[in-house]
Amino acid sequence: MNTTEPKSRKSSTYIEILDTTLRDGEQTPGVAFTPAEKLQIARALILRARVDRLEIGSARVSEGERVGVRNILEWADKHGVLEKMEILGFIDGGKSAQWVHDVGGKVINLLAKGSEKHCRIQLRSTPEDHYRKVADEIKFANSLGLTVNVYLEDWSNGSRDDFGYVYNFLKILRELPVARIMLPDTLGVLTPDEVTRYLEWVFATVPDMKVDFHGHNDYGMVTANSIAAVKAGVTGVHTTINGLGERTGNQPLPTLTVALNDMTDRKSHVAEKQLLYVSSMVQTLSGKRCAWNTPVIGSDVFTQTCGVHADGDKKGDLYANKLLPERFSRNRIYALGKLSGKASLEKNLEEVGIELDDEQRKRVLAEIVRLGDKKKQVTAADLPFVIGSVLNQPISGKVQVVDYQIETRCGVTPKAEVSVKYEDEVISAAAHGDGGYDAFVKALRKALKNVGKSFPKLSDYEVRIPPGGKTDALVETRITWERENDRPLITVGVDSDQLAAAVQATEKMLNLVLI
(Lines give C-alpha, C1' and ligand atoms only; values in the text may rest on other atoms or scores of the structure.)
Protein backbone atom coordinates (compact mmCIF):
# COMPACT_ATOMS: atom_id res chain seq x y z
CA MET A 1 0.00 0.00 0.00
CA ASN A 2 1.34 3.44 -0.92
CA THR A 3 1.36 5.55 2.25
CA THR A 4 2.95 8.67 0.73
CA GLU A 5 0.89 11.69 1.73
CA PRO A 6 -0.08 14.09 -1.08
CA LYS A 7 1.69 17.42 -0.64
CA SER A 8 -1.54 19.27 -1.35
CA ARG A 9 -3.16 17.85 1.80
CA LYS A 10 -1.30 20.34 4.05
CA SER A 11 -1.49 23.27 1.64
CA SER A 12 -4.32 24.99 3.54
CA THR A 13 -3.12 27.34 6.28
CA TYR A 14 -6.23 26.90 8.37
CA ILE A 15 -7.75 23.89 10.12
CA GLU A 16 -11.55 23.76 10.27
CA ILE A 17 -12.88 23.54 13.81
CA LEU A 18 -16.19 21.73 14.26
CA ASP A 19 -17.53 22.26 17.77
CA THR A 20 -19.94 19.57 18.98
CA THR A 21 -20.80 20.97 22.42
CA LEU A 22 -24.47 21.02 21.46
CA ARG A 23 -24.44 17.35 20.41
CA ASP A 24 -21.61 15.31 21.93
CA GLY A 25 -21.32 17.75 24.83
CA GLU A 26 -24.84 16.85 25.91
CA GLN A 27 -23.62 13.31 26.56
CA THR A 28 -21.92 14.69 29.67
CA PRO A 29 -23.71 13.23 32.73
CA GLY A 30 -26.26 15.70 34.04
CA VAL A 31 -26.02 18.11 31.09
CA ALA A 32 -29.06 18.99 28.97
CA PHE A 33 -29.43 22.40 27.37
CA THR A 34 -32.80 24.03 26.80
CA PRO A 35 -33.61 25.28 23.26
CA ALA A 36 -32.92 28.86 24.39
CA GLU A 37 -29.57 27.86 25.90
CA LYS A 38 -28.61 25.99 22.74
CA LEU A 39 -29.24 29.08 20.66
CA GLN A 40 -27.24 31.23 23.08
CA ILE A 41 -24.26 28.85 22.87
CA ALA A 42 -24.48 28.57 19.08
CA ARG A 43 -24.47 32.36 18.69
CA ALA A 44 -21.48 32.71 20.99
CA LEU A 45 -19.49 30.00 19.17
CA ILE A 46 -20.14 31.42 15.71
CA LEU A 47 -20.22 35.19 16.28
CA ARG A 48 -17.74 35.55 19.16
CA ALA A 49 -15.43 32.53 19.07
CA ARG A 50 -15.62 32.33 15.25
CA VAL A 51 -15.74 28.53 15.13
CA ASP A 52 -15.99 27.23 11.55
CA ARG A 53 -18.77 24.64 11.95
CA LEU A 54 -21.21 23.46 14.64
CA GLU A 55 -22.81 20.10 15.25
CA ILE A 56 -26.04 21.34 16.78
CA GLY A 57 -27.91 18.17 17.71
CA SER A 58 -29.11 14.71 16.79
CA ALA A 59 -32.01 13.72 14.55
CA ARG A 60 -35.13 12.08 15.98
CA VAL A 61 -34.14 12.37 19.65
CA SER A 62 -36.96 14.37 21.23
CA GLU A 63 -39.40 17.21 20.62
CA GLY A 64 -37.17 19.51 22.67
CA GLU A 65 -34.24 18.63 20.42
CA ARG A 66 -36.31 19.38 17.33
CA VAL A 67 -37.31 22.80 18.70
CA GLY A 68 -33.73 23.62 19.70
CA VAL A 69 -32.28 22.60 16.33
CA ARG A 70 -35.02 24.44 14.45
CA ASN A 71 -34.39 27.66 16.40
CA ILE A 72 -30.68 27.53 15.63
CA LEU A 73 -31.28 26.82 11.95
CA GLU A 74 -33.69 29.76 11.62
CA TRP A 75 -31.17 32.06 13.28
CA ALA A 76 -28.33 30.69 11.12
CA ASP A 77 -30.34 31.20 7.94
CA LYS A 78 -30.92 34.87 8.81
CA HIS A 79 -27.20 35.35 9.44
CA GLY A 80 -25.96 33.53 6.36
CA VAL A 81 -24.32 30.65 8.24
CA LEU A 82 -26.82 27.85 7.60
CA GLU A 83 -24.20 25.69 5.84
CA LYS A 84 -22.10 25.76 9.04
CA MET A 85 -24.82 23.92 11.01
CA GLU A 86 -24.57 20.11 11.02
CA ILE A 87 -26.85 17.45 12.52
CA LEU A 88 -26.04 13.88 13.52
CA GLY A 89 -28.11 11.26 11.69
CA PHE A 90 -28.37 7.50 11.81
CA ILE A 91 -28.58 4.59 9.40
CA ASP A 92 -32.32 4.19 9.75
CA GLY A 93 -33.81 3.83 6.30
CA GLY A 94 -33.87 7.55 5.55
CA LYS A 95 -35.77 8.67 8.65
CA SER A 96 -32.89 10.83 9.97
CA ALA A 97 -32.24 12.40 6.58
CA GLN A 98 -35.93 13.26 6.22
CA TRP A 99 -35.96 14.72 9.76
CA VAL A 100 -32.96 16.94 8.98
CA HIS A 101 -34.54 18.09 5.73
CA ASP A 102 -37.88 18.83 7.39
CA VAL A 103 -36.39 21.04 10.14
CA GLY A 104 -34.48 23.05 7.54
CA GLY A 105 -31.02 21.54 7.88
CA LYS A 106 -28.51 21.43 5.05
CA VAL A 107 -25.81 19.08 6.43
CA ILE A 108 -26.16 15.59 7.91
CA ASN A 109 -23.38 13.69 9.67
CA LEU A 110 -24.28 10.01 9.26
CA LEU A 111 -23.11 7.68 12.02
CA ALA A 112 -21.74 4.48 10.50
CA LYS A 113 -19.64 1.71 12.03
CA GLY A 114 -15.87 2.13 11.67
CA SER A 115 -14.93 -1.23 13.17
CA GLU A 116 -15.94 -4.73 12.13
CA LYS A 117 -16.51 -5.65 15.78
CA HIS A 118 -19.17 -2.94 16.18
CA CYS A 119 -20.70 -3.95 12.88
CA ARG A 120 -21.03 -7.62 13.69
CA ILE A 121 -21.78 -7.45 17.43
CA GLN A 122 -23.87 -4.30 17.85
CA LEU A 123 -25.65 -4.30 14.50
CA ARG A 124 -25.56 -8.10 14.07
CA SER A 125 -24.76 -7.37 10.44
CA THR A 126 -22.18 -8.41 7.88
CA PRO A 127 -19.82 -5.67 6.64
CA GLU A 128 -21.25 -6.00 3.12
CA ASP A 129 -24.80 -5.42 4.36
CA HIS A 130 -23.75 -2.42 6.44
CA TYR A 131 -21.83 -0.91 3.52
CA ARG A 132 -24.92 -1.27 1.33
CA LYS A 133 -27.26 0.36 3.87
CA VAL A 134 -24.87 3.27 4.38
CA ALA A 135 -24.59 3.78 0.63
CA ASP A 136 -28.39 3.81 0.30
CA GLU A 137 -28.62 6.33 3.16
CA ILE A 138 -26.07 8.62 1.52
CA LYS A 139 -27.86 8.53 -1.84
CA PHE A 140 -31.24 9.28 -0.24
CA ALA A 141 -29.87 12.19 1.83
CA ASN A 142 -28.17 13.55 -1.27
CA SER A 143 -31.46 13.34 -3.19
CA LEU A 144 -32.99 15.62 -0.55
CA GLY A 145 -30.30 18.21 -1.25
CA LEU A 146 -28.33 17.51 1.93
CA THR A 147 -24.56 17.66 2.18
CA VAL A 148 -23.44 14.33 3.63
CA ASN A 149 -20.53 13.68 5.99
CA VAL A 150 -19.89 10.20 7.38
CA TYR A 151 -18.66 9.25 10.85
CA LEU A 152 -16.79 5.93 11.11
CA GLU A 153 -17.57 5.21 14.75
CA ASP A 154 -14.79 3.36 16.63
CA TRP A 155 -12.44 3.95 13.69
CA SER A 156 -9.50 3.80 16.12
CA ASN A 157 -10.18 0.22 17.24
CA GLY A 158 -11.28 -0.67 13.74
CA SER A 159 -7.87 0.34 12.39
CA ARG A 160 -6.07 -1.52 15.17
CA ASP A 161 -8.04 -4.73 14.83
CA ASP A 162 -8.48 -5.03 11.07
CA PHE A 163 -7.80 -2.09 8.77
CA GLY A 164 -9.10 -4.19 5.91
CA TYR A 165 -12.66 -3.46 7.09
CA VAL A 166 -11.94 0.29 7.14
CA TYR A 167 -10.13 0.11 3.80
CA ASN A 168 -13.06 -1.59 2.06
CA PHE A 169 -15.49 0.93 3.59
CA LEU A 170 -13.41 3.89 2.43
CA LYS A 171 -13.18 2.52 -1.11
CA ILE A 172 -16.98 2.49 -1.26
CA LEU A 173 -17.38 5.95 0.30
CA ARG A 174 -14.96 7.60 -2.12
CA GLU A 175 -17.32 6.71 -4.99
CA LEU A 176 -20.34 8.27 -3.27
CA PRO A 177 -21.42 11.95 -2.78
CA VAL A 178 -19.67 12.31 0.58
CA ALA A 179 -18.16 15.68 1.57
CA ARG A 180 -16.12 14.55 4.58
CA ILE A 181 -15.00 11.42 6.35
CA MET A 182 -15.05 11.86 10.15
CA LEU A 183 -12.72 9.59 12.11
CA PRO A 184 -13.50 9.23 15.84
CA ASP A 185 -11.18 7.83 18.47
CA THR A 186 -14.43 6.86 20.17
CA LEU A 187 -12.91 5.41 23.35
CA GLY A 188 -9.85 7.65 23.52
CA VAL A 189 -7.41 4.75 23.13
CA LEU A 190 -4.94 5.99 20.53
CA THR A 191 -1.43 7.37 20.87
CA PRO A 192 -0.07 10.11 18.58
CA ASP A 193 2.06 7.54 16.73
CA GLU A 194 -1.00 5.43 16.01
CA VAL A 195 -2.99 8.47 14.87
CA THR A 196 -0.24 9.29 12.39
CA ARG A 197 0.07 5.69 11.14
CA TYR A 198 -3.65 5.05 10.69
CA LEU A 199 -4.22 8.40 8.99
CA GLU A 200 -1.45 7.61 6.51
CA TRP A 201 -3.39 4.46 5.61
CA VAL A 202 -6.60 6.48 5.26
CA PHE A 203 -4.99 9.14 3.06
CA ALA A 204 -3.48 6.46 0.82
CA THR A 205 -7.01 5.09 0.31
CA VAL A 206 -8.91 8.40 -0.09
CA PRO A 207 -6.22 10.95 -1.05
CA ASP A 208 -8.66 13.56 -2.33
CA MET A 209 -11.28 13.55 0.45
CA LYS A 210 -11.64 15.91 3.37
CA VAL A 211 -10.97 14.16 6.68
CA ASP A 212 -11.91 15.26 10.24
CA PHE A 213 -10.43 13.88 13.47
CA HIS A 214 -12.76 13.47 16.48
CA GLY A 215 -10.84 12.70 19.68
CA HIS A 216 -11.81 11.63 23.19
CA ASN A 217 -9.69 12.01 26.30
CA ASP A 218 -9.86 8.72 28.25
CA TYR A 219 -6.06 8.46 28.56
CA GLY A 220 -5.48 12.22 28.68
CA MET A 221 -3.99 12.09 25.17
CA VAL A 222 -6.62 13.97 23.22
CA THR A 223 -4.73 17.21 22.48
CA ALA A 224 -1.56 15.33 21.56
CA ASN A 225 -3.64 13.11 19.27
CA SER A 226 -5.42 16.08 17.68
CA ILE A 227 -2.11 17.79 16.97
CA ALA A 228 -0.74 14.55 15.49
CA ALA A 229 -3.80 14.44 13.23
CA VAL A 230 -3.23 18.05 12.16
CA LYS A 231 0.42 17.34 11.36
CA ALA A 232 -0.63 14.25 9.43
CA GLY A 233 -2.85 16.39 7.24
CA VAL A 234 -6.48 16.30 8.39
CA THR A 235 -8.79 19.04 7.21
CA GLY A 236 -10.67 19.51 10.46
CA VAL A 237 -10.71 18.71 14.18
CA HIS A 238 -13.75 18.33 16.45
CA THR A 239 -13.96 20.02 19.87
CA THR A 240 -16.31 20.84 22.71
CA ILE A 241 -16.24 23.83 25.02
CA ASN A 242 -14.50 22.90 28.30
CA GLY A 243 -14.00 19.34 27.03
CA LEU A 244 -17.63 18.39 27.71
CA GLY A 245 -18.57 14.88 26.65
CA GLU A 246 -19.08 11.34 27.80
CA ARG A 247 -16.65 9.83 30.37
CA THR A 248 -13.52 12.04 30.32
CA GLY A 249 -14.90 14.19 27.54
CA ASN A 250 -13.86 15.46 24.12
CA GLN A 251 -11.09 17.67 22.80
CA PRO A 252 -11.38 21.03 24.64
CA LEU A 253 -11.64 23.95 22.23
CA PRO A 254 -9.33 26.36 24.15
CA THR A 255 -6.50 23.81 24.51
CA LEU A 256 -6.64 22.82 20.86
CA THR A 257 -6.70 26.44 19.71
CA VAL A 258 -3.46 27.42 21.44
CA ALA A 259 -1.68 24.15 20.69
CA LEU A 260 -2.63 24.45 17.02
CA ASN A 261 -1.55 28.08 16.76
CA ASP A 262 1.71 27.71 18.71
CA MET A 263 2.90 24.18 17.92
CA THR A 264 2.05 23.57 14.27
CA ASP A 265 2.38 25.41 10.96
CA ARG A 266 -1.44 25.45 10.70
CA LYS A 267 -3.79 27.95 12.33
CA SER A 268 -7.42 28.23 13.41
CA HIS A 269 -9.93 31.02 12.87
CA VAL A 270 -10.92 30.91 16.55
CA ALA A 271 -10.83 34.24 18.39
CA GLU A 272 -8.60 33.56 21.40
CA LYS A 273 -9.82 36.59 23.35
CA GLN A 274 -13.35 35.19 23.36
CA LEU A 275 -12.49 31.74 24.74
CA LEU A 276 -12.91 32.67 28.41
CA TYR A 277 -16.27 34.32 27.75
CA VAL A 278 -17.69 31.28 25.94
CA SER A 279 -16.16 28.89 28.46
CA SER A 280 -17.64 30.78 31.42
CA MET A 281 -21.06 30.91 29.78
CA VAL A 282 -21.09 27.16 29.14
CA GLN A 283 -19.87 26.45 32.68
CA THR A 284 -22.87 28.39 33.97
CA LEU A 285 -25.41 26.78 31.62
CA SER A 286 -24.06 23.24 32.03
CA GLY A 287 -23.40 23.38 35.78
CA LYS A 288 -19.99 21.80 35.11
CA ARG A 289 -17.08 23.86 36.43
CA CYS A 290 -13.61 23.61 34.94
CA ALA A 291 -10.68 22.60 37.13
CA TRP A 292 -8.56 25.44 38.50
CA ASN A 293 -5.59 24.31 36.36
CA THR A 294 -7.41 23.83 33.04
CA PRO A 295 -5.15 25.36 30.35
CA VAL A 296 -6.17 28.82 29.13
CA ILE A 297 -9.47 29.04 31.06
CA GLY A 298 -8.71 27.67 34.56
CA SER A 299 -9.05 30.13 37.44
CA ASP A 300 -5.43 29.80 38.54
CA VAL A 301 -3.49 29.24 35.31
CA PHE A 302 -2.19 32.80 35.21
CA THR A 303 -1.34 32.95 38.90
CA GLN A 304 2.27 32.96 40.14
CA THR A 305 2.62 31.85 43.75
CA CYS A 306 6.37 31.64 44.30
CA GLY A 307 8.15 34.87 45.18
CA VAL A 308 11.13 33.82 43.05
CA HIS A 309 8.85 33.67 40.01
CA ALA A 310 7.39 37.10 40.72
CA ASP A 311 10.92 38.49 41.04
CA GLY A 312 11.95 36.88 37.74
CA ASP A 313 8.92 38.32 35.97
CA LYS A 314 9.64 41.75 37.38
CA LYS A 315 13.20 41.67 36.10
CA GLY A 316 12.45 40.32 32.64
CA ASP A 317 9.41 38.02 32.26
CA LEU A 318 11.64 35.05 33.04
CA TYR A 319 8.68 32.84 34.00
CA ALA A 320 6.39 33.65 31.07
CA ASN A 321 5.74 31.62 27.92
CA LYS A 322 3.70 32.32 24.78
CA LEU A 323 0.49 31.85 26.75
CA LEU A 324 0.41 35.41 28.03
CA PRO A 325 -2.81 36.22 29.90
CA GLU A 326 -3.44 39.35 27.82
CA ARG A 327 -3.79 37.09 24.79
CA PHE A 328 -7.03 35.80 26.33
CA SER A 329 -8.28 39.06 27.88
CA ARG A 330 -6.91 38.02 31.25
CA ASN A 331 -4.29 39.32 33.70
CA ARG A 332 -1.35 37.86 35.56
CA ILE A 333 -2.01 37.40 39.30
CA TYR A 334 0.67 37.14 41.95
CA ALA A 335 -0.71 35.15 44.86
CA LEU A 336 -0.08 36.27 48.42
CA GLY A 337 0.79 33.59 50.95
CA LYS A 338 3.62 31.93 52.83
CA LEU A 339 5.74 31.64 49.65
CA SER A 340 5.40 35.32 48.77
CA GLY A 341 8.35 37.66 48.50
CA LYS A 342 8.84 41.38 48.06
CA ALA A 343 8.13 41.23 44.31
CA SER A 344 4.75 39.51 44.89
CA LEU A 345 3.75 42.17 47.38
CA GLU A 346 4.89 45.00 45.09
CA LYS A 347 2.84 43.64 42.19
CA ASN A 348 -0.29 43.57 44.36
CA LEU A 349 0.35 46.99 45.85
CA GLU A 350 0.55 48.38 42.33
CA GLU A 351 -2.77 46.77 41.49
CA VAL A 352 -4.63 48.36 44.40
CA GLY A 353 -2.75 51.67 44.12
CA ILE A 354 -1.20 51.71 47.59
CA GLU A 355 2.31 52.95 48.40
CA LEU A 356 4.22 51.78 51.49
CA ASP A 357 7.70 52.52 52.75
CA ASP A 358 10.25 49.72 53.24
CA GLU A 359 9.45 49.18 56.92
CA GLN A 360 5.72 49.04 56.29
CA ARG A 361 6.26 46.54 53.49
CA LYS A 362 8.28 44.29 55.78
CA ARG A 363 5.54 44.31 58.39
CA VAL A 364 2.79 43.66 55.85
CA LEU A 365 4.74 40.85 54.18
CA ALA A 366 5.36 39.21 57.57
CA GLU A 367 1.61 39.27 58.25
CA ILE A 368 0.87 37.75 54.83
CA VAL A 369 3.32 34.92 55.48
CA ARG A 370 1.79 34.37 58.95
CA LEU A 371 -1.70 34.13 57.45
CA GLY A 372 -0.39 31.79 54.77
CA ASP A 373 0.97 29.44 57.41
CA LYS A 374 -2.57 29.27 58.80
CA LYS A 375 -3.86 28.29 55.32
CA LYS A 376 -5.60 31.64 54.91
CA GLN A 377 -5.65 33.00 51.37
CA VAL A 378 -4.91 36.68 50.86
CA THR A 379 -6.14 38.21 47.60
CA ALA A 380 -5.40 41.63 46.17
CA ALA A 381 -8.85 42.65 47.38
CA ASP A 382 -7.91 41.60 50.93
CA LEU A 383 -4.64 43.53 50.90
CA PRO A 384 -6.06 46.91 52.02
CA PHE A 385 -7.65 45.19 55.02
CA VAL A 386 -4.38 43.44 55.93
CA ILE A 387 -2.48 46.71 55.62
CA GLY A 388 -5.06 48.55 57.71
CA SER A 389 -4.79 45.91 60.45
CA VAL A 390 -0.96 45.88 60.49
CA LEU A 391 -0.68 49.67 60.51
CA ASN A 392 -3.54 50.08 63.00
CA GLN A 393 -5.55 52.04 60.43
CA PRO A 394 -8.44 49.67 59.69
CA ILE A 395 -10.59 50.54 56.71
CA SER A 396 -13.36 48.10 57.56
CA GLY A 397 -16.39 49.90 58.89
CA LYS A 398 -16.24 52.86 56.51
CA VAL A 399 -18.98 51.06 54.62
CA GLN A 400 -20.67 48.68 57.00
CA VAL A 401 -23.65 46.35 56.81
CA VAL A 402 -24.96 47.05 60.31
CA ASP A 403 -28.01 44.79 60.18
CA TYR A 404 -29.83 42.43 57.89
CA GLN A 405 -32.75 40.05 58.12
CA ILE A 406 -33.41 37.46 55.45
CA GLU A 407 -36.58 35.41 55.34
CA THR A 408 -36.88 32.23 53.32
CA ARG A 409 -39.85 29.94 53.55
CA CYS A 410 -41.25 27.08 51.52
CA GLY A 411 -43.55 28.42 48.80
CA VAL A 412 -42.81 32.09 49.62
CA THR A 413 -40.52 34.44 47.68
CA PRO A 414 -37.43 35.23 49.81
CA LYS A 415 -37.29 38.71 51.34
CA ALA A 416 -34.43 40.72 52.81
CA GLU A 417 -34.28 43.87 54.95
CA VAL A 418 -30.87 45.57 55.06
CA SER A 419 -29.36 48.50 56.95
CA VAL A 420 -26.02 49.83 55.72
CA LYS A 421 -23.90 52.60 57.21
CA TYR A 422 -22.33 54.95 54.67
CA GLU A 423 -20.54 58.18 55.63
CA ASP A 424 -22.12 58.14 59.12
CA GLU A 425 -25.61 57.73 57.66
CA VAL A 426 -27.59 54.53 58.11
CA ILE A 427 -29.79 53.67 55.12
CA SER A 428 -32.35 50.88 55.11
CA ALA A 429 -34.20 49.10 52.33
CA ALA A 430 -36.09 45.86 51.64
CA ALA A 431 -36.47 43.71 48.56
CA HIS A 432 -37.57 40.31 47.31
CA GLY A 433 -35.35 37.98 45.31
CA ASP A 434 -34.97 34.54 43.77
CA GLY A 435 -32.99 33.42 46.82
CA GLY A 436 -31.88 34.75 50.17
CA TYR A 437 -28.64 36.27 48.93
CA ASP A 438 -30.29 37.64 45.79
CA ALA A 439 -32.86 39.42 47.97
CA PHE A 440 -30.04 40.76 50.18
CA VAL A 441 -28.13 42.19 47.19
CA LYS A 442 -31.27 43.77 45.71
CA ALA A 443 -32.08 45.41 49.05
CA LEU A 444 -28.48 46.61 49.34
CA ARG A 445 -28.56 48.12 45.84
CA LYS A 446 -31.82 49.88 46.65
CA ALA A 447 -30.35 51.33 49.85
CA LEU A 448 -27.21 52.63 48.18
CA LYS A 449 -29.17 54.00 45.23
CA ASN A 450 -30.79 56.41 47.70
CA VAL A 451 -27.37 58.06 48.15
CA GLY A 452 -26.46 57.90 44.45
CA LYS A 453 -24.14 54.87 44.68
CA SER A 454 -24.02 51.64 42.71
CA PHE A 455 -21.68 48.66 42.69
CA PRO A 456 -20.50 45.99 40.23
CA LYS A 457 -22.49 43.06 38.93
CA LEU A 458 -21.91 39.66 40.47
CA SER A 459 -20.42 37.32 37.84
CA ASP A 460 -19.58 34.23 39.92
CA TYR A 461 -20.44 32.85 43.36
CA GLU A 462 -18.56 29.88 44.77
CA VAL A 463 -18.91 28.17 48.12
CA ARG A 464 -16.12 26.01 49.50
CA ILE A 465 -16.90 23.69 52.39
CA PRO A 466 -14.10 21.61 53.92
CA PRO A 467 -14.51 17.82 53.89
CA GLY A 468 -15.41 15.97 57.05
CA GLY A 469 -19.16 16.30 57.24
CA LYS A 470 -19.32 18.78 60.14
CA THR A 471 -22.34 21.03 59.82
CA ASP A 472 -20.67 23.80 61.85
CA ALA A 473 -17.50 23.90 59.72
CA LEU A 474 -16.26 27.26 58.45
CA VAL A 475 -17.53 28.05 54.97
CA GLU A 476 -15.57 30.14 52.47
CA THR A 477 -17.71 32.14 50.05
CA ARG A 478 -15.79 33.51 47.07
CA ILE A 479 -17.56 36.12 44.95
CA THR A 480 -16.34 37.55 41.64
CA TRP A 481 -17.58 41.01 40.73
CA GLU A 482 -17.55 42.28 37.15
CA ARG A 483 -16.26 45.84 36.82
CA GLU A 484 -16.64 47.91 33.66
CA ASN A 485 -13.29 48.62 31.95
CA ASP A 486 -11.36 46.93 34.75
CA ARG A 487 -10.30 43.46 35.81
CA PRO A 488 -12.76 41.40 37.87
CA LEU A 489 -12.70 41.89 41.65
CA ILE A 490 -12.71 38.78 43.87
CA THR A 491 -13.69 39.04 47.52
CA VAL A 492 -13.85 36.25 50.09
CA GLY A 493 -15.85 35.86 53.30
CA VAL A 494 -15.44 33.12 55.93
CA ASP A 495 -18.05 32.10 58.49
CA SER A 496 -19.81 28.98 59.74
CA ASP A 497 -22.96 30.45 58.13
CA GLN A 498 -22.80 30.46 54.33
CA LEU A 499 -25.01 33.54 54.05
CA ALA A 500 -22.96 35.44 56.64
CA ALA A 501 -19.81 34.60 54.69
CA ALA A 502 -21.43 36.01 51.55
CA VAL A 503 -22.37 39.19 53.43
CA GLN A 504 -18.74 39.54 54.57
CA ALA A 505 -17.49 39.18 51.00
CA THR A 506 -20.02 41.75 49.81
CA GLU A 507 -19.05 44.23 52.53
CA LYS A 508 -15.40 43.91 51.51
CA MET A 509 -16.34 44.73 47.96
CA LEU A 510 -18.29 47.82 49.07
CA ASN A 511 -15.30 49.17 50.99
CA LEU A 512 -13.00 48.65 48.02
CA VAL A 513 -15.32 49.99 45.32
CA LEU A 514 -17.17 52.84 47.03
CA ILE A 515 -14.34 54.35 49.07
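List of remarks:
- Condition check for Thr413: within 28 Å of Lys288 (Cβ to Cβ) and of a type in the set (Ser, Thr, Tyr): no
- All positions within the range 47-65 that are more than 16 Å from Leu146 (Cα to Cα), touching a residue at least 60 places away in the same chain (Cβ under 8 Å) and either part of a loop (DSSP other than H, G, I, E, B) or acidic (Asp, Glu) (or both): Ala49, Arg50, Val51, Asp52
- The listed residues are Arg132, Arg120, Arg124, and the only one of them that is on the phi > 0 side of the Ramachandran plot, among the basic types (Lys, Arg) and open to solvent by 20 Å² or more (accessible area, probe 1.4 Å) turns out to be Arg124.
- Extreme residue, surrounded by the most Cβ atoms within 10 Å (Cβ to Cβ), among residues of the range 238-284 that are in a helix (DSSP H, G or I), free of Cβ contacts under 8 Å to residues at least 60 places away in the same chain and charged (D, E, K, R): Glu272
- Selection from the range 316-359 of residues that are modelled with pLDDT of 80 or more and polar (S, T, N, Q): Asn321, Ser329, Asn331
- Among the residues examined, Ala36 does not qualify as among the hydrophobic types (A, V, I, L, M, F, W, C) and open to solvent by less than 10 Å² (accessible area, probe 1.4 Å).
- Neighbours by Cβ (under 6 Å, 6+ apart or cross-chain): first from the range 333-349, without any contact (Cβ under 8 Å) to a residue 24 or more places away in the chain; second outside any loop (DSSP other than H, G, I, E, B) and surrounded by fewer than 23 Cβ atoms within 10 Å (Cβ to Cβ): Leu345/Leu365
- Of the residues Phe455, Phe440, the single one that is part of a loop (DSSP other than H, G, I, E, B), modelled with pLDDT of 85 or more and in contact with a strand residue (DSSP E or B) (Cβ under 9 Å, 6 or more places away or on another chain) is Phe455.
- Residues satisfying the stated conditions in the range 335-369, i.e. of a type in the set (Gly, Ala, Ser), outside any helix (DSSP H, G or I) and in contact with a strand residue (DSSP E or B) (Cβ under 7 Å, 6 or more places away or on another chain): Ala335, Gly337
- Selection from the range 484-502 of residues that are closer than 22 Å to Ile465 by Cα and either at pLDDT 80 or above or open to solvent by 80 Å² or more (accessible area, probe 1.4 Å) (or both): Leu489, Ile490, Thr491, Val492, Gly493, Asp497, Gln498, Leu499, Ala500, Ala501, Ala502
- Selection of the range 66-112 for residues being out of contact with any strand residue (DSSP E or B) (no Cβ under 8 Å at 6 or more places or on another chain) and assigned to a loop (DSSP other than H, G, I, E, B) yields His79, Gly80, Val81, Asp92, Gly93, Gly94, Gly104.
- Residues being open to solvent by 40 Å² or more (accessible area, probe 1.4 Å) and part of a helix (DSSP H, G or I) - total across the range 204-234: 2
- Test: residue in the range 69-79 that is open to solvent by 10 Å² or more (accessible area, probe 1.4 Å) and in contact with a Phe, Trp or Tyr (Cβ under 9 Å, 6 or more places away or on another chain): no
- Meets criteria (of a type in the set (Val, Ile, Thr) and surrounded by fewer than 17 Cβ atoms within 10 Å (Cβ to Cβ)) for Val51: no
- Residue selection: Lys362 fails the criterion of being open to solvent by 60 Å² or more (accessible area, probe 1.4 Å) and either at pLDDT below 80 or in contact with a Cys (Cβ under 6 Å, 6 or more places away or on another chain) (or both).
- All positions within the range 438-455 that are open to solvent by 50 Å² or more (accessible area, probe 1.4 Å) and touching a residue at least 60 places away in the same chain (Cβ under 8 Å): Lys453
- Unique residue being at pLDDT below 95 and under 25 Å from Cys290 (Cβ atoms) when the list is Ala49, Ala44, Ala32: Ala32
- Residue that is nearest to Lys210 (Cα to Cα), among those in the range 139-165 that are touching a strand residue (DSSP E or B) at 6+ places or on another chain (Cβ under 8 Å) and of a type in the set (D, E, K, R): Glu153
- Of all residues in the range 465-483, those that are at pLDDT 75 or above and under 22 Å from Leu383 (Cβ atoms) total 8.
- Reported count of residues in the range 285-302, each being open to solvent by 10 Å² or more (accessible area, probe 1.4 Å) and either touching a Lys or Arg at 6+ places or on another chain (Cβ under 6 Å) or of a type outside the set (A, V, I, L, M) (or both), is 12.
The rows are residues; the columns are (1) open to solvent by 10 Å² or more (accessible area, probe 1.4 Å); (2) in contact with a Pro (Cβ under 9 Å, 6 or more places away or on another chain); (3) aliphatic (A, V, I, L, M); (4) free of Cβ contacts under 8 Å to residues at least 12 places away in the same chain.
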site	(1), (2), (3), (4)
Lys95	yes, no, no, no
Gln98	yes, no, no, no
Gly104	yes, no, no, no
Ser115	no, no, no, no
Leu144	yes, no, yes, no
Val150	no, no, yes, no
Asn157	yes, no, no, no
Leu176	yes, no, yes, no
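- Condition check for Tyr198: aromatic (Phe, Trp, Tyr), in a helix (DSSP H, G or I) and open to solvent by 60 Å² or more (accessible area, probe 1.4 Å): no
- Residues in the range 18-32 that are in a loop (DSSP other than H, G, I, E, B) and surrounded by 22 or more Cβ atoms within 10 Å (Cβ to Cβ): Thr20, Thr21, Leu22, Arg23.
The values are calculated or read from the model by the stated rules, or taken from the named source; none is laboratory data. The shown structure was predicted, so the numbers you read here are calculated from the model rather than taken from an experiment. Cβ sites come from the backbone with ideal geometry, for glycine too, and all protein chains shown count toward neighbours. The protein model used for the area step is the full one, side chains on, heavy atoms only, and it has no ligands, DNA or RNA in it. Shrake-Rupley method; radii C 1.70, N 1.55, O 1.52, S 1.80 Å.
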